[in-house]
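What follows is calculated from the coordinates using simple rules that are stated; it is not laboratory data. Not measured: the values here are computed from a predicted model. Cβ coordinates were reconstructed from backbone atoms using ideal geometry, including for glycine residues, and neighbour counts include every protein chain displayed.
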C-alpha cells in the first residue's frame, strides 16, 4: 500500500498507523535535516513570540545542539568541550526570547565546562545564569561559591590571595543578600566564613564585616524568640506569660531598627 507513495507521505502514513517517531530512522539524511530545520524554525517562532514552554526549550535545544552535545560528551579533549561551552554561552547571550531558554543554555554550558574542567567557563555560565534568571540566582550563587572555595583551596601564594579576594567579595555579597531577604542564620554563616578569609588575606580593617555579622546575629536571636512565642501560643494559648521582644521593621536601605515592647497574654 505504501510502496508507491513519496517518502514524506509514506512516513506520515506509517506514523498514523502507530509507528510514531520510530519512522524517522527510516528517513534519508536529507529528509531528517529538513525536518530538523523545520522543528527549529517552528520553535524559534514560539521563542520569539514569548510562548515557549519549558518542554519546548528542551526540544529546541535538542534540535539546535543535541547532536553536537552527543559528540562532545564522547570526547575527552578539553579544548572541544571548552569550545562547545563557549558556543552555548554565546547563544545564551545573543539569542532573543524567553529567559527559560537562556537559563537552559547556561546550565548546559556549566555541565559541559565542569566535565571539561574549564573553571573560567563554569564561572561565566553561573554568572550569566544569575543575571538573566532572577529566580535561579540563589542556585547560581551557591554553585559559584563552591567554585570559588575550590579554587581558593587548591592554590598557593599570590594566586591563593587573588582567589581569596574573589571568594571574599562573593561571600559578603551573598551574606548581604541573605540578610536582606530575612535569612539571618544563613547570613551569619556566610559572614563568619568571610571573616576567616579576610583574616587570611590580612586585611587591616574588618569592622564592616564584623558589624554586619553582629546585626545578623541580633536578627537571628529575634527571629528565634518570635518563633518560640508563636510555638508557645499555638501549643498553650491560655497560659499567662509576659515576654519582652524586639520588633524590627525593614527600612528602605534593608537595615532593621525597632523598639522593645512588653507583650502579655491572659486567660
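Could you order the peptides 132-145, 105-118 from most to least packed, using the average number of other C-beta atoms within 10 Å per residue?
Working: 132-145: 16.4, 105-118: 21.7.
Per-residue Cβ counts within 10 Å, averaged per peptide and sorted highest first, yield 105-118, 132-145.
Just to verify a number: FRET efficiency for residue 74 and residue 176, C-beta to C-beta distance, R0 = 35 Å, to 0.05?
Details: r = 43 Å, r/R0 = 1.23.
Using R0 = 35 Å, I get an efficiency of 0.20.
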